[in-house]
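Take a look at the structure set out below.
Here, each number is a calculation from the coordinates, and none is a lab measurement. Given the structure is predicted, the values throughout are model-derived calculations rather than measurements. All Cβ positions, glycine included, derive from the backbone under ideal geometry; neighbour counts span all protein chains shown.
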Amino acid sequence: FRVSVILVAAGSGTRMGGVPKQFLHLGSMTVVEHSIHTFAQIPSVAEIIVVTKEEEISRMKSLLDEYNEVIPIKVTAGGSTRQESVARGVEACGQEITHVAIHDAARPLVRRKDVEHVFADALEYRAATLGIVSKDTIKVVHHGIIDETPQRSTLYLTQTPQVFEIVLYRRAMKFAALHEFDFTDDCQLVEAIGVPVHMTPGDYRNMKLTTPEDIAVAQALLEEEER
Ligand code: CTP
Ligand code: MG
């Protein structure tokens, strides 16, 4: 079981007001460094591939240079969609890798314990993702009118890492390319080839930094953790 972590950090942060989230400071380090710290502690992680915008490659390399002493880090260029960025990361994976773990750099608070759970499930089931049951009742709305209210206990919010056997994920990538799918969630690619994906219950703290108010929440969570 040798895992290549693909840390996607090539987004533009449009909903954050055009701020590239990966370089924001959160506590004592940048957002992207938080994930590096967590994954570097896990023995099955063989390498970390950081996918970033072409023009930010040298900035990212110098920021992460010191971590190369702990874990091999590759920095590669992303694409215009998240799915493309993930594909670039997969292309950069080393030889002896058995699984890929795709993680949003915009989720800096993921905990080692939860990563280990989803890794164990991926080893057992071939494909697994972290997720949490929705706290809110979710409505399906069409033209401003509620169409449907799915049973809350069946509704999960997916998180990352999402972990797959590399052969399986490569097959799913080919299928997605053939059908011109563009998904923001990697499980969807695997679902599309009919392979079951295991849901590993995670932690509400593994939030994604998406809009400005998320920063205040993440900062508070980090302070609570450090206390
Ligand atoms: N991402 C990426 N390449 C893209 C788009 C997104 O690597 N072309 C990454 C982001 O850097 C982020 C993760 O995918 O770590 C989740 O995406 P999201 O939260 O949507 O980030 P952004 O795309 O940067 O934000 P927005 O959609 O608001 O522009
Ligand atoms: Mg996006």
* Structure fact -> Semi-axes a, b, c in Å (a largest) for region 48-115, each sqrt of 5 times a Cα gyration tensor eigenvalue, come to 18, 16, 14
* Whole-Å distance, taken between Cα centres, linking region 125-149 and region 1-75 -> 29 Å
* In sequence order, calculated HN-Hα J values of region 175-189 (Karplus, 6.51, -1.76, 1.60; Hz; x Gly/Pro) -> 5, 5, 5, 4, 9, 6, 6, 9, 9, 9, 10, 6, 4, 4, 5
* **Selected from Ala176, Ala216, Ala120 as most flexible by GNM, with the chain as the system and alpha-carbon contacts under 10 Å** => Ala216
* What order do you get for Val217, Val31 when you list them from fewest to most C-beta neighbours inside 10 Å? -> Val217, Val31
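How many percent of Cα pairs in region 120-227 exceed 15 Å?
Considering region 120-227, 72 percent of its Cα-Cα pairs are separated by more than 15 Å.
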* Zone residues, region 48-85, relative to Thr184, backbone N less than 13 Å from point 7 Å out along Cα-to-Cβ -> 81-83
* To do: Within 10 Å of each residue's Cβ, count the other Cβ atoms and sort Arg227, Arg59 from fewest upward.
  => Arg227, Arg59
* Charges only on Cβ, +1 for Lys and Arg, -1 for Asp and Glu: so what's the dipole of the chain about the Cα centre, in debye to the nearest 20? -> 160 debye
* Asked: Any idea what the dipole of region 127-223 comes to, in debye rounded to 20, about its Cα centre with Lys/Arg Cβ at +1 and Asp/Glu Cβ at -1?
  -> 240 debye
* To do: With unit charges on the beta carbon (Lys/Arg positive, Asp/Glu negative), name the residue among Val140, Ala218, Val8 whose Cα is farthest towards the positive pole of the charge dipole of the chain.
  => Val140
* What is the Cα centroid distance between region 86-107 and region 154-197, reported in whole angstrom? -> 13 Å
* When the dipole is taken about the Cα centre of region 1-55, and only Lys, Arg (+1) and Asp, Glu (-1) are charged at their Cβ, what size is it in debye, to the nearest 20? -> 180 debye
* Would you please state the base-10 log of I(q)/I(0) at q = 0.17 1/Å for region 93-173, with intensities from the Debye formula using one equal scatterer on every alpha carbon? => -0.79
* Which pairs break 24 Å Cα to Cα here: Lys21/Lys135; Lys53/Lys208; Lys113/Lys208; Lys61/Lys174; Lys21/Lys74; Lys113/Lys135? -> Lys21/Lys135; Lys61/Lys174
* Structure fact -> re the chain: pairs of Cα atoms spaced beyond 33 Å account for a percent value of 13 percent
* Roughly what % of Cα-Cα distances in region 12-86 sit above 16 Å, to the whole percent? -> 53 percent
* the chain - percent relative contact order, Cα under 8 Å, separation 6 or more -> 24 percent
* Asked: Sequence-distant or interchain residues sharing an amide H contact under 5 Å with Lys74, placed H: which?
  -> Ile48, Ile49, Val50
